[in-house]
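To keep things clear, I will list the structure first and then write my remarks on it.
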Amino acid sequence: MPDQQMNELLDKLRQIHYETIDIDKFLDQRECETFDSSWIRVYQAIEQLKKGKAMEDTREIEKKAYITVYEKTECDDLAGYIADDFGLIAESKMLNYFDEWLEKLISCYEKGMIPCGKL
């Protein structure tokens with residue numbers, strides 16, 4: 001994924017008002033069946049597409065997302081989920097993978113919202 005797009009998403013991540021988020025409620029909504037099953041479905045599809053391909057490493061973007069969220073919330077679970085999302089988004093863009101649910105996930109970040117529950 002072009003660095004420009006990922007940097008724009010990171011900027012949006014920095015602008016979120018984390019103090020207004022009920023983190024426990026958010027984590028519950030991330031772990032609900034609707035969200036979790038969709039996330040895993042997209043992750044598995046991307047893993048299949050990656051097989052046998054040389055892929056750019058996404059750890060740097062994941063690290064930046066993690067640090068951004070952790071510095072604002074001190075919640076490693078929340079930071080971990082968001083870092084995983086950013087890795088998923090970056091890999092999907094590198095593979096030109098399109099999924100309607102994933103587009104909704106990306107759209108949440110573009111709007112400065114953290115995705116959870118039913119998108």
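Please verify whether the stretch 72-93 includes one or more residues that are surrounded by 17 or more Cβ atoms within 10 Å (Cβ to Cβ) and in contact with a Gly (Cβ under 9 Å, 6 or more places away or on another chain).
no
Would you mind stating whether Ala45 is surrounded by fewer than 18 Cβ atoms within 10 Å (Cβ to Cβ), in a helix (DSSP H, G or I) and touching a residue at least 12 places away in the same chain (Cβ under 8 Å)?
Considered against the rule, which asks whether it is surrounded by fewer than 18 Cβ atoms within 10 Å (Cβ to Cβ), in a helix (DSSP H, G or I) and touching a residue at least 12 places away in the same chain (Cβ under 8 Å), Ala45 comes out as yes.
If we scan the stretch 84-95, do we find a residue that is within 24 Å of Lys118 (Cα to Cα), among the small types (Gly, Ala, Ser) and over 14 Å from the mean Cα position of the chain (by Cα)?
no
Mind checking whether some residue in the stretch 3-17 is over 15 Å from the mean Cα position of the chain (by Cα) and among the hydrophobic types (A, V, I, L, M, F, W, C)?
Scanning the stretch 3-17 turns up no residue that is over 15 Å from the mean Cα position of the chain (by Cα) and among the hydrophobic types (A, V, I, L, M, F, W, C).
Within the stretch 106-118, take every residue that is open to solvent by less than 40 Å² (accessible area, probe 1.4 Å) and in contact (Cβ under 8 Å) with a residue 24 or more places away in the chain and give me the one that is nearest to Leu9 (Cα to Cα).
In this case the residue turns out to be Tyr109.
Gln29 is checked against (1) at pLDDT 95 or above; (2) open to solvent by 50 Å² or more (accessible area, probe 1.4 Å); (3) not basic (Lys, Arg) and fails just one. What number does that condition carry?
Going through (1) at pLDDT 95 or above; (2) open to solvent by 50 Å² or more (accessible area, probe 1.4 Å); (3) not basic (Lys, Arg) one by one, Gln29 breaks only (1).
Of the residues Thr68, Thr34, which single one is on the phi < 0 side of the Ramachandran plot, assigned to a helix (DSSP H, G or I), surrounded by fewer than 14 Cβ atoms within 10 Å (Cβ to Cβ) and touching a residue at least 24 places away in the same chain (Cβ under 8 Å)?
Working: Thr68 fails: surrounded by fewer than 14 Cβ atoms within 10 Å (Cβ to Cβ).
Going through Thr68, Thr34 in turn, the sole match is Thr34.
(1) under 15 Å from the mean Cα position of the chain (by Cα); (2) surrounded by fewer than 18 Cβ atoms within 10 Å (Cβ to Cβ); (3) farther than 19 Å from Leu119 by Cβ: which one isn't true of Thr58, the others all being true?
Every condition holds for Thr58 apart from (2).
What are the residues in the stretch 94-105 that are free of Cβ contacts under 8 Å to residues at least 60 places away in the same chain and either open to solvent by 40 Å² or more (accessible area, probe 1.4 Å) or of a type in the set (Phe, Trp, Tyr) (or both), if any?
Across the stretch 94-105, the qualifying residues are Asn96, Tyr97, Phe98, Glu100, Glu103, Lys104.
Within the stretch 83-119, restricting attention to residues that are in a loop (DSSP other than H, G, I, E, B) and of a type in the set (D, E, K, R), which residue is nearest to Lys64 (Cα to Cα)? Even if it seems obvious, please write down each step before you answer.
At the first step, the residues of the stretch 83-119 found to be in a loop (DSSP other than H, G, I, E, B) are 95-99, 111-119.
Next, from what is left, pick out any that are of a type in the set (D, E, K, R): 99, 111, 118.
On the way: Asp99: 24, Lys111: 19, Lys118: 26 Å.
Of everything passing the filter in the stretch 83-119, Lys111 is nearest to Lys64 (Cα to Cα).
The values are calculated or read from the model by the stated rules, or taken from the named source; none is laboratory data. In this text, all values refer to a predicted model and were calculated from it rather than measured experimentally. Every residue, glycine as well, gets a Cβ built from its backbone with ideal geometry; the counts of neighbours run over all protein chains shown. Just the protein is used for accessible areas: all its heavy atoms, side chains included, with ligands, DNA and RNA removed. Shrake-Rupley method; radii C 1.70, N 1.55, O 1.52, S 1.80 Å.
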